[in-house]
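Novice: Starting off with a structure, shown below.
Only the coordinates and a few stated rules stand behind these numbers; no lab work does. Being a predicted model, the structure only gives us computed values, none of them experimental. Methodologically, a virtual Cβ is constructed for each residue, glycine included, from the backbone with ideal geometry; neighbour enumeration extends over all protein chains shown.
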Amino acid sequence: MNETVIIGAGGLGKEVLAMLGYMNLQHNTGCEVVGFLDDGLEVGTLVNGVGVLGKVDDHRTLLSEDCSVFIAIADPKIKKKIHQKLESVGYNFPNLIFPNTVVYDNTFVQMGKGIIIGAGCVLTTNIEIKDFVFININSVIGHDVSIGAYCSIMPGCKISGNVFFGHQILVGTNGTVLPGIQLGPGAIVGAGATVTRDVESGTVVVGTPALPME
């Protein structure tokens, strides 16, 4: 069994645990989740049958260097900070892609590390997904899309062709981004918003068409 730890025991952590359990049961992946690291829960707290080992800062004393780690945090800024704490050790950051994800052409879909893709997603072709991107269930990524590191795309999003994401972008549930749009680093797209024009760095846009929050 491969020793595996999940960072974050909240909702996404529970989903990652469930995904790993499903894949181990159905496909015998040999992945054993030994525990969570979570700053908000006491050591020994059970989350869906798996214990909290300690806080994130305890990783050096709790984890072996060849441990596989999944960062189950949706907030892009927090996700980046956690990775920066861990990256010097040399842990494994595998990708977790639910088996029913549809990828039109693996030859032209490039992925970094630490990526999590939920059930029912579709990725077409000529797509670049950088490190620690999270794409939640039933989202669609069109052709010639580039998604920067630490981005999070919530359930049911539709990303059209030729869209460019900077790093640390969050797209809320059922968000839609029309073709050719560029989203600057740190931008946030509100749930249900339709992005029809470029979004500047650090801007929060909401509504249809999506406009900056005042």
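Novice: Take every DSSP beta bridge with both residues inside region 2-86 and express the antiparallel ones as a percent of the total, to the nearest 5.
Specialist: In region 2-86, approximately 15 percent of DSSP beta bridges are antiparallel ones.
Novice: Still on this model: With viscosity set to 0.890 mPa s at 25 °C, what whole-number translational diffusion coefficient in µm²/s follows for region 73-158 from Stokes-Einstein and a Kirkwood radius over Cα pairs?
Specialist: Taking Rh from Cα pairs, D becomes 188 µm²/s.
Novice: Each label point is 7 Å from the Cα along the Cα-to-Cβ direction; what then is the distance between the points at E42 and E65, in nm?
Specialist: That separation, rounded to one decimal, is 3.5 nm.
Novice: Give me the compactness ratio for the chain, meaning the Cα radius of gyration over 2.2 N^0.38 Å.
Specialist: Normalised Cα radius of gyration, the chain: 1.02.
Novice: Okay, moving on. Past 21 Å, Cα to Cα: identify those pairs from K80/K158; K14/K55; K80/K113, in the order given.
Specialist: Long pairs (Cα-Cα over 21 Å): K80/K158.
Novice: What value, in deg cm²/dmol to 500, does the helix sum -39500 (n - 2.57) over DSSP H runs of n ≥ 4 give at 222 nm once divided by the residues of the chain?
Specialist: -4500 deg cm²/dmol
Novice: To continue, here is another question. Given region 68-214, what percent of its DSSP beta bridges are antiparallel, to the nearest 5?
Specialist: Working: 2 of 34 bridges.
Beta bridges within region 68-214, antiparallel portion: roughly 5 percent.
Novice: Next question. Give the Kirkwood hydrodynamic radius (Å, one decimal) of region 2-86, defined as one over the mean of 1/r across all pairs of different Cα atoms. If you can, show how the numbers build up before the last one.
Specialist: Working: mean 1/r = 0.0774 Å⁻¹.
After inverting the mean inverse Cα-Cα distance, the result is 12.9 Å.
Novice: I've got another one for you. Taking θ = phi - 60°, what integer Hz values does the Karplus form 6.51 cos²θ - 1.76 cosθ + 1.60 yield along region 104-117, in sequence order, with x for Gly and Pro?
Specialist: 4, 8, 4, 4, 10, 10, 9, 10, x, 10, x, 7, 10, 10
Novice: Where does helix 11-27 land angle-wise versus the long Cα axis of the chain, in degrees 0 to 90, nearest 10?
Specialist: 70 degrees
Novice: While we're looking at this one, here's another question. Of all GluC sites (Glu not before Pro) in region 1-107, which ones are in loop regions per DSSP and have a Cβ with at most 16 other Cβ atoms within 10 Å?
Specialist: Here the sparse-neighbourhood loop sites are E42, E65, E87.
Novice: Which distance in Å, rounded to a whole number, links the C-alpha centroids of region 37-59 and region 1-16?
Specialist: Cα centres, region 37-59 to region 1-16: 10 Å.
Novice: Follow-up question, since we're still on this one. Regarding region 106-214, what are the three Cα extents along the principal axes, ordered largest first, in Å?
Specialist: The Cα atoms of region 106-214 stretch 41, 23, 22 Å along the principal axes, largest first.
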